[in-house]
Amino acid sequence: LRRVEKFLELDDEITNDQLVFNENKGFYCFRRRGKKLARCLGNSKGRAHVPVSENTRTILAQNFAPFNKKFFALINQHFNW
């Protein structure tokens, strides 16, 4: 999240103690400053991803490659997606 804040040119606001791992849900929940309890996303969130075939991944990568290239040039960064 620090990288996201930096990338968006935001002040460093999120601290480590605000992200709390919830064993029941299996993902991190967010605790607001000054609050004891963390709030988690609803039950419909945090689900496992649907399997995507290698062929589908290849097709998507090829189709989005020119748009990703323009985006990476625009932001002067590269993401490995």
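Surrounded by fewer than 10 Cβ atoms within 10 Å (Cβ to Cβ) and of a type in the set (F, W, Y): does that describe F30? Walk me through it before giving the result.
On the way: surrounded by fewer than 10 Cβ atoms within 10 Å (Cβ to Cβ): no; of a type in the set (F, W, Y): yes.
Against the criterion (surrounded by fewer than 10 Cβ atoms within 10 Å (Cβ to Cβ) and of a type in the set (F, W, Y)), F30 does not qualify.
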Assess whether N76 counts as being among the polar types (S, T, N, Q) and either modelled with pLDDT under 90 or surrounded by 10 or more Cβ atoms within 10 Å (Cβ to Cβ) (or both). no
Between a residue in the stretch 40-53 that is modelled with pLDDT of 80 or more and any residue that is not hydrophobic (A, V, I, L, M, F, W, C), which pairs come within a Cβ distance under 7 Å, given they are 6 or more apart or on different chains? C40/N22; C40/K25
Exactly one of (1) of a type in the set (A, V, I, L, M, F, W, C); (2) under 14 Å from the mean Cα position of the chain (by Cα); (3) assigned to a helix (DSSP H, G or I); (4) surrounded by 10 or more Cβ atoms within 10 Å (Cβ to Cβ) is unmet by V4. Its number? (4)
Quick check on K25: is it assigned to a loop (DSSP other than H, G, I, E, B) and either of a type outside the set (A, V, I, L, M) or surrounded by 10 or more Cβ atoms within 10 Å (Cβ to Cβ) (or both)? yes
As an exercise: evaluate L41 against (1) surrounded by 10 or more Cβ atoms within 10 Å (Cβ to Cβ); (2) over 19 Å from the mean Cα position of the chain (by Cα) and give the number of the one condition it does not meet. (2)
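The values are calculated or read from the model by the stated rules, or taken from the named source; none is laboratory data. Since the structure is predicted, the reported quantities are computational estimates derived from the model, not experimental observations. Neighbour counts are summed over all protein chains in view; Cβ atoms, including those assigned to glycine, are modelled from backbone coordinates with ideal geometry.
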